[in-house]
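**Q** Quick one: the structure is below, questions incoming.
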Amino acid sequence: MKYSNVTDGIYRLSAHIHDLLFEGMWPLPHGMSMNSYIVQGKEIAIIDGVCGWDGVPETLFRQFEERGLSVQDIRYVVLNHMEPDHTGWLVPLKQITRGFELVATPKALRLAKSFFGLDESFCTLHPVKSGDRIDLGKGKVLRFEEIPNVHWPETMATYEESSRTLFPCDAFGSFGAIREEAPFDDQLSESELAFFEEEAVRYFANIVAAFSGPVKKALEKIDSLDIRVLAPGHGIVWRKNPGRIVELYRRLAEWSTDPTEPEITLLWAGTEPSMGPLVKAAVDGAHGEGVQIHVHKVPETHISYILSSVLRSSGVIMGIPYSSDPLPSPLAHALDDLGRKRMTGRKFFWFLQAKGLEPEGEQRSEALVEEIDRILEKYQMRWEALESAHIPRHTEEIVYQQTRALAMELLAGGAIKGHVQELVGAP
Ligand code: FEO
C-alpha cells in the first residue's frame, strides 16, 4: 500500500484485510480497508489507525516513512474510536515511540489504558470534548465533536477547519477494499461508487443499524459543519461529493426504524421441491406489481446479507416449511437477529407449506402466530401483519395474491389495507 494525498497537508494511509470475518462475524468477500490520516501543520497529528494483526501496523509505519516522516515525529495521536480495527496498532507504536499526546474523549482514554496500557508513563493524556480545538500550526486546526454510540460510547469525530475535512471514523464507512490507485470518489466510475454504496448499506446494517438513534443525533451535529472532504475510517474518501454518502447514511438511519422503500425481503427455509413453487409464487406476485424482492434461503444465506436486505425493505415475507418446530430455528434466528438490530416498522406476512396436513396446519398456524409474536414483542419491532396472514392453507395462488397485496400496500404507503382481504378472500 502507498499513502495518498487527500488535500493540502492531509495524507491517507491505509491497510486492507481479506479472507476473514470482520469482528469474527461479517463476511468480507471484497475485503475491507482501514484508513488512517496524517494532518501535517507545524506539528503532526495522526487520526485513527489500523488493526494490530501481523504486518498491518508495519504497513502503516512504512507509509509514514514513504511520506518522509518518522513515527517519532508524531505529536498527537487522535483516537476517534477505540475498537481494535482502528487502535490495535498502538501496541507496536508504544514499543517504538513515546511522549506523544493521546487525544480522545475521557471514556476513550480510559479504554486506551485498559486495552493497551497506554497511560502517563508512555504519553500525555489529552482529553477533549465537543468544541475543543488543537492548533497544529501552519493553518491546520483540529476541532472535535462527540458522537457517542456510533456505535461505541466513546466515539467522536475530528474536523480540520482550514480544509473542511471531516474524519468521522466508522460513520459513513463501508465494507469493500479500496483500489490502491483510486481511493477517492472523484476517481471512480458510477458503477464503482454504487458498489461502495452497496457495501455501505451492508456495513450499516451489520455494524451500526442498532444505533440509528445516535446516528441521527450525530447527523444533526455534522449538518452544522461545512464539509468539503469526508475521510472515514473504512471505504473511500469523498472529496467530490461528500453529501452523497451523508445522504445515504441519513436514509439508512431512517430505514432502520421506519423504512420507506417499496421492496420486499423473502426469507425461506426447507427444501426446494416442497417450498420452491410457493417461493416462485411470491416472486411472481412482487414482480407483477413492479416491486423488487430479495430472496434468501436460510440457513444458507449469511445473516449479514439478510440484515442488509431487510434494512432496505419495508416488507418481509417468511416462507415456513411444516417441521418439528412451529418456526424452524434458522427463521427464528433470522427474526431474532433482525430484532437485535432494531429493524422495526415493517409490514409482513408468512406462508406455511402444509399441503396434505390441513388440520395440523391450522393448529400449526396458531403456534406460529404465538412464536412470531413472541419475538416481535421481545424487541418491540412494531411489525404489522397483513390481515390475511392467518389463513390455514397457503396455496400458490394465495401466496401470489398475498404478495401482490403486500406490494401494493408498500407502494401505497400502507393506505389500502382493506384491499388485502379483497384479493385473497376472507378465511
Ligand atoms: Fe471500524 Fe467500530 O470499528
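The values are calculated or read from the model by the stated rules, or taken from the named source; none is laboratory data. In this text the structure is predicted, and so the values were computed from the model without any measurement. Reconstructed Cβ throughout: ideal geometry from the backbone, glycine too, with neighbour counts over all protein chains shown. Calculation scope for accessible area: heavy atoms of the full protein, side chains included, ligands and nucleic acids excluded. Shrake-Rupley method; radii C 1.70, N 1.55, O 1.52, S 1.80 Å.
**Q** Can you tell me which aspartates and glutamates have their Cα less than 13 Å from the Cα of residue 107? Leave out same-chain residues fewer than eight positions away.
**A** Result set, ordered by chain and number: 83, 146, 154.
**Q** Tell me which lysines have Cα within less than 19 Å of residue 347's Cα, excluding those fewer than 8 residues away on the same chain?
**A** Reachable lysines: 378, 417.
**Q** Pick out, from 308, 33, 230, the residue whose Cα sits farthest towards the positive end of the charge dipole of the chain, with +1 on the Cβ of Lys and Arg and -1 on the Cβ of Asp and Glu.
**A** Selected residue: 230.
**Q** Translational diffusion coefficient, Stokes-Einstein: compute it for segment 196-343 using the Kirkwood radius over C-alpha pairs as Rh, at 25 °C and 0.890 mPa s, and state it as an integer in µm² s⁻¹.
**A** Estimated via Stokes-Einstein, D reaches 146 µm²/s.
**Q** Using a Gaussian network model on the chain with a 10 Å cutoff between Cα atoms, which of 92, 168, 232 fluctuates the most?
**A** Comparing 92, 168, 232 in the GNM, the peak value goes to 92.
**Q** Now, a different point. Note down the relative contact order for segment 308-398 as a percent, whole number, built from C-alpha pairs under 8 angstrom at least six residues apart.
**A** Relative CO of segment 308-398 lands at 36 percent.
**Q** So what's the back-of-envelope 222 nm ellipticity for the chain, counting only DSSP H runs of four-plus at -39500 (n - 2.57) apiece and dividing by all residues, rounded to 500?
**A** Taken over the chain, the calculation gives -11500 deg cm²/dmol.
**Q** Comparing 190, 384, 396, which has the greatest mean-square fluctuation in the GNM of the chain with Cα pairs linked when under 10 Å apart?
**A** 190
**Q** Would you list which aspartates and glutamates come within 14 Å of residue 297, measuring only between C-alpha atoms, while excluding same-chain residues fewer than 8 positions from it?
**A** Correct list for residue 297: 272.
**Q** Of 216/341; 113/140; 94/240, which pairs sit farther than 26 Å apart, going by alpha carbon to alpha carbon?
**A** Cα-Cα > 26 Å for 113/140; 94/240; rest within.
**Q** Let me ask another. In angstroms, what radius of gyration and Dmax does the chain have, counting Cα atoms only?
**A** 24.7, 80
**Q** Follow-up. Based on the mean of other beta carbon atoms within 10 Å per residue, what is the order of 402-408, 363-369, 35-41, 59-65, most packed first?
**A** 402-408, 35-41, 59-65, 363-369
**Q** What number comes out for the charge environment of residue 196, summing +1 per Lys or Arg and -1 per Asp or Glu over other residues with Cβ under 12 Å away?
**A** -3
**Q** Output the direction-averaged projected area (hull surface divided by four) of the convex hull of the alpha-carbon atoms of segment 141-194, in nm².
**A** 4.9
**Q** Show me the ranking of peptides 130-141, 345-356 by mean Cβ neighbours inside 10 Å, starting with the highest.
**A** Ranked by mean Cβ neighbours within 10 Å, highest first: 345-356, 130-141.
**Q** Ignoring ligands, DNA and RNA, what percent of the 1.4 Å accessible area of the chain is carbon and sulfur?
**A** Accessible surface attributable to carbon and sulfur in the chain totals 50 percent.
**Q** Now, a different point. List every DSSP H helix in the chain whose Cα atoms extend 18 Å or more along the helix's own long axis and whose mean Kyte-Doolittle hydropathy is at least -1.0.
**A** On the way: long enough: 190-203 (19 Å, -0.49); 242-257 (24 Å, -0.51); 272-288 (23 Å, 0.01); 358-378 (30 Å, -1.17); 396-411 (22 Å, 0.10).
Sorted by number, the helices that extend far enough and score high enough are 190-203, 242-257, 272-288, 396-411.
**Q** Please tell me the relative contact order of the chain in percent, rounded to the nearest whole number, where contacts are Cα pairs under 8 Å and at least six residues apart.
**A** In percent, rounded to a whole number, it is 11.
**Q** Under 8 Å for C-alpha pairs, at least 6 residues apart: give me the relative contact order for segment 1-135, rounded to a whole percent.
**A** Across segment 1-135, relative contact order equals 18 percent.
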